[in-house]
């Protein structure tokens, strides 16, 4: 594997696992990014500038994936050969489907009757669900190495994230 083909984790010298120290990741990203920043190659040949730009882009993309827990989990599942397939695989555990329906009903009620305090409470509920999901993903990926179960949890996380984004948008709407 060439450096360009190295995993996002390898670019930062990190083990391929869900648990990541975000401050350490950010510091490493800054260090690595500074080494290949295109400004350092302003007097270089066109080919060297192009390579620096490619590296900079690759490092920034890797950082964006690794700093977000759900994106990191999805990436780890894909590295293990699993297709998250959230676009065409919507199979979910019945308990999660019930929670999802309740969240959609709450979101619809908040759209019909916006109340900033209720929206904040709903966002808190969703954030708690995301935190529990991330704990489960850490166990499934790092401890149990159960990629199929982790893949299903990533799909659940994508639904929670979408509902969360929709709820946050309610706070930004003019009154």
(request) With r as the distance between the Cβ atoms of residue 54 and residue 92 and R0 = 41 Å, compute the FRET efficiency 1/(1 + (r/R0)^6) and round to 0.05. (result) 0.60
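How long is the gain from residue 100 to residue 123 if the chain were fully straight, where each residue apart is worth 0.36 nm and the alpha carbon distance is subtracted? If you can, show how the numbers build up before the last one.
Working: separation 23, 0.36 × 23 = 8.28 nm, distance 1.38 nm.
Roughly 6.9 nm would be gained on extension.
Could you work out how much longer the chain between residue 171 and residue 136 gets when fully extended? Use 0.36 nm per residue separation minus the Cα distance between them, nm to one decimal.
Working: separation 35, 0.36 × 35 = 12.60 nm, distance 2.90 nm.
Computed gain between residue 171 and residue 136 is 9.7 nm.
Starting from 0.36 nm per residue, how many nanometres of slack lie between residue 65 and residue 16 once their C-alpha separation is accounted for? Numbers along the way, then the final one.
Working: separation 49, 0.36 × 49 = 17.64 nm, distance 1.27 nm.
Gain on extension, residue 65 to residue 16, equals 16.4 nm.
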(request) Please give the FRET efficiency for residue 162 paired with residue 27, using the beta carbon to beta carbon distance and R0 = 22 Å, rounded to the nearest 0.05. (result) 0.10
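Taking only DSSP H segments of four or more residues, each worth -39500 (n - 2.57), what value at 222 nm results for the chain once the sum is divided by all its residues, to the nearest 500 deg cm²/dmol?
Values: 7 runs with 120 residues, N = 175.
Computed ellipticity for the chain at 222 nm equals -23000 deg cm²/dmol.
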(request) Using only Cα atoms, find the angle between the long axis of helix 46-67 and the longest principal axis of the chain, and express it within 0 to 90 degrees, rounded to the nearest 10. (result) 30
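Taking neighbour counts of Cβ atoms within 10 Å as a proxy for exposure, in what order, fewest first, do 5, 156, 78, 135 appear? Intermediate results must be reported in sequence, preceding the final value.
Values: 5 7, 156 21, 78 14, 135 11.
Listed from fewest to most nearby Cβ atoms, that is 5, 135, 78, 156.
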(message) Helix 69-79 against the longest principal axis of the chain: what's the angle in degrees, Cα atoms only, rounded to the nearest 10?
(response) 60
(request) Apply 1/(1 + (r/R0)^6) to the Cβ-Cβ distance of residue 78 and residue 115, taking R0 = 30 Å, and write down the FRET efficiency to the nearest 0.05. (result) 0.15
(message) Below 8 Å between Cα atoms, with a sequence gap of 6+, how large is the relative contact order for the chain in percent?
(response) 26
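Every number in this text was worked out from the coordinates using simple rules, so none of it is lab data. These figures come from a predicted structure and were not determined experimentally. Heads up, the Cβs are rebuilt from the backbone with ideal geometry, glycines too, and the neighbour counts pull from every protein chain shown.
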